[in-house]
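Below you'll find the structure, written out as structure tokens, and then a few comments.
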Amino acid sequence: MIKKSLLRAAVPVLLASALARPMAAQVRPELPATLQPGATNDSLHVNLELLPDSLAAAPIDSSRLVWQRTPPELRDLVGDRIGCLETDAPHAFNPSVMAFVRLFTERQRGYTQRVLERENLYFPLFEKYLAKYNLPVDLKYLAVVESALIPTAKSRVGATGLWQFMGPTANDLRLRRDEWVDERMNPEKATEAACKHLRYLYGVFHDWEMVLAAYNWGAGNMQKVVRRTGKKTYWEVHPNLPAETRNYVPTFTAIMYAMKYAKEHQLHDPALRYQYTEPMDTLQLGGRAFDFKRLARACGYSDSLALLRMNPELRKPWLPTGYRSYTVQFPAAARPALSVVDRETLFDYCQPSTELPAPLPLRSVLLAGVEPFPTSRLAEGTAHSATRESPRFRRVRHTVKRGETVASVAERYDVSPAQVRRWNELGKSSSLGSRRQLIVFLPLSPTTTPSASTQLMVAPPARRIAPAAVRPTAVKPASEAEDGIDATRAVTVAPVQRPVRTRTAAQQTPSVAEADDSVPATYVVRQGDFLEKVARTHGLTIAQLRAWNRLKSETLTPGQKLSLKPTAEAIADLTAATHEVAAAVQAPVRRSARTAPSSPTTPLIPEVHLVQPGDTLYNISRRYQGLTVEKLRELNHLQSDDVKPGQKLIVRS
């Protein structure tokens, strides 16, 4: 009994001692009330101690931390100077601005000094156009934020020039860009375009801080933030902006302060190489080929690229023949050196080496009784002359169908996708739009077949048509001159017997596509196939499939075999129908010409085109010179663009 009573009394004591230790760990330790030796009340010496049981430290704003570490006297001085700036440009003072002020005046002094070297070169130009468009003059510091006054600066996303224009924005502002010149890097044209863009943005937001943010992030994105938050000022929407745009306006204010008070922060140094504007003269090229390195040599510069720095919009050191009119700038001090010769002599001297005639290859001298040694040079010359005589590639134009890609087109013609991109100047991420024209080069066989015209003129004797088998024409020629005129027209009646089908007649049909070995000749219909799907898969039209397979409807049955290429019978029938239609159209014209009295002028015979499967008014108008879709509608009294195979259209009256 005594033991039980002792255990009952000891259990609460043991439990209390066991629970006391973990509870003591949760007690927050108190900070020492007395300061450490040498510590002061200054904010620079604040002790940021973490609690022993903390899992992570609370996030600290870097700009706020810089603000706390900045001496109060410096904060007050910078704030008073920024507040005294008489400008309409943004000049609010806050911890974010103070952090960038200390960045440009202390840690990044070299960056600010490099900008100060180019200040006198570009700021007069900026002030001229800002005053012209009634904009705050202090907006000139925006170019410092964008490009550090480097006209050829280019960002990682493609923004280029002093004002860092993207490609679409440059197109909207009429800044030309091509292989030779990029006007985004032209200081004068880019500055005027920037003033127009800033004036447009101010008309949208009516607040210069919002204008600067929209210049960086885009007007559309800023308008979305305004609609989503319901706030209209920059500092109200500041937390909802991306990091770069949040720092954009404070950076502008800090740059403006650092450059205005550069002397007070000892940023100017006698060792700096300051650049200044100098009088410039111009030279109109007028579409001639021109080498700027030669012009720099003629002006007396030891550096051949000196003129490229004065014309930073040039992407190459020369321009080709036929390029649009370009005006090159050079120092006016070099005018006396160029006035020694006349204009034509200067242009002849400055002609690029790529435009000069190439020297002829050396030819070996044949000596009597001595045969030339078969060197590699002779072999190359022989091969080069052989390639000049006959082409090695055939150029094919491919119209992109819906759903096609670069890889599918390359596979169709047995070439690589990289070749298709290079031939058509396509990027790696470029997509193909429907009805786009692509150029593909197909290699020819070493034994080149004779041309079509040679095959038409020289036919094998076995395929000649006997004179007795030729069907007589219904209309006799009025004269030999009339027969000569008709022989040159597209609808000439040829003495071809319909049952006799020759390859020559198929070659004379202009609308029949060339044979493509990469496309199968037949296709077996599968379950779920329909005519439009089969036509789209093989790059054909529904009309072509119906004409080549003589289908009366678009219904297909599984197991049905479809021809994907025009057969010889279809081609011959189409050719014979074309000749019959042409003869029927020309018969009344010839009859009237024979019965009419002789006149000095021969009446014109209208040309007729027989619509083929897959033809449209646009394709037909492209085949005849001077013919348009509107004129084709007017000649045939058409109310729409729909045409049907077998329909006769007048193409020239």
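Laboratory data are not the source of any read-out in this text; all were calculated from the coordinates shown. As the structure is a computational prediction, the values presented were derived from the model and not from experiment. Cβ placement follows ideal geometry from the backbone for every residue including glycine, while neighbour counts extend to all protein chains displayed.
Would you kindly state how much longer the chain becomes between R309 and K561 on full extension, computed as 0.36 nm times their sequence separation minus their alpha carbon distance, in nm to one decimal?
Additional length available on full extension: 83.9 nm.
Write down the radius of gyration of the range 80-260 and its Dmax, each obtained from C-alpha positions, in Å.
Cα radius of gyration and Dmax of the range 80-260 are 15.9, 50 Å respectively.
Would you mind pulling out the separation of the Cα centroids of the range 627-643 and the range 129-207, in Å?
Cα centres, the range 627-643 to the range 129-207: 48 Å.
Show me 146-153, 68-75 ranked by packing, highest mean number of other Cβ atoms within 10 Å first.
146-153, 68-75
Binning every alpha carbon pair distance of the range 391-443 at 5 Å from zero, what are the percents per bin?
For the range 391-443, the binned pair fractions read 4, 21, 35, 27, 9, 3, 1 percent.
For the range 316-329, what does the Karplus curve 6.51 cos²θ - 1.76 cosθ + 1.60, with θ = phi - 60°, yield as ³J(HN,Hα) per residue in whole Hz, taken in order and with x for Gly and Pro?
9, x, 7, 10, x, 5, x, 5, 4, 4, 10, 10, 9, 9
Please give the net charge around C195, taking every other residue with its beta carbon less than 13 angstrom from that of C195, where Lys and Arg add +1 and Asp and Glu add -1.
That works out to +3.
Can you give the net charge of the other residues whose Cβ lies under 12 Å from the Cβ of R623, counting K and R as +1 and D and E as -1?
Net charge in that neighbourhood comes out at 0.
From Cα pairs below 8 angstrom and at least 6 apart in sequence, can you work out the relative contact order of the range 80-260, rounded to a whole percent?
That works out to 25 percent.
If r is the Cβ-Cβ distance from D573 to S431 and R0 is 41 Å, what FRET efficiency results, to the nearest 0.05?
The pair D573/S431 has a calculated efficiency of 0.50.
List every residue whose amide H lies under 5 Å from the amide H of Y326, counting only residues 5 or more places away in sequence or on a different chain, with H placed 1.01 Å from N in the peptide plane.
Close amide H contacts, sequence-distant or interchain: L285, G286, G287.
In percent, what relative contact order does the range 280-355 have, based on Cα pairs under 8 Å that are 6 or more apart in sequence?
In percent, rounded to a whole number, it is 45.
Relative to the compact-globule scaling 2.2 N^0.38 Å, provide the ratio for the alpha-carbon radius of gyration of the range 263-331.
Rounded to two decimals, the normalised Rg is 1.47.
Just in the range 547-579: which trypsin sites (Lys or Arg not before Pro) are loop by DSSP and have at most 11 other Cβ atoms within 10 Å?
R550, K552
Which peptide among 177-190, 564-577, 640-653 comes first, and what is the full order, when sorted by highest mean count of other Cβ atoms within 10 Å?
Packing proxy ranking, top to bottom: 177-190, 564-577, 640-653.
Kirkwood Rh over Cα pairs of the range 141-230 into Stokes-Einstein at 20 °C, 1.002 mPa s: D in µm²/s?
Calculated translational D: 158 µm²/s.
Where does each of 334-343, 231-240 land if you order them by average Cβ count within 10 Å, highest first?
Descending mean neighbour count gives 231-240, 334-343.
Any idea how far the Cα center of the range 81-112 sits from the one of the range 264-295, in Å?
For the range 81-112 versus the range 264-295, the Cα centre distance is 30 Å.
Would you mind checking which residues have amide H under 5 Å from R652's amide H? H placed 1.01 Å from N; only 5 or more apart, or other chain.
E607
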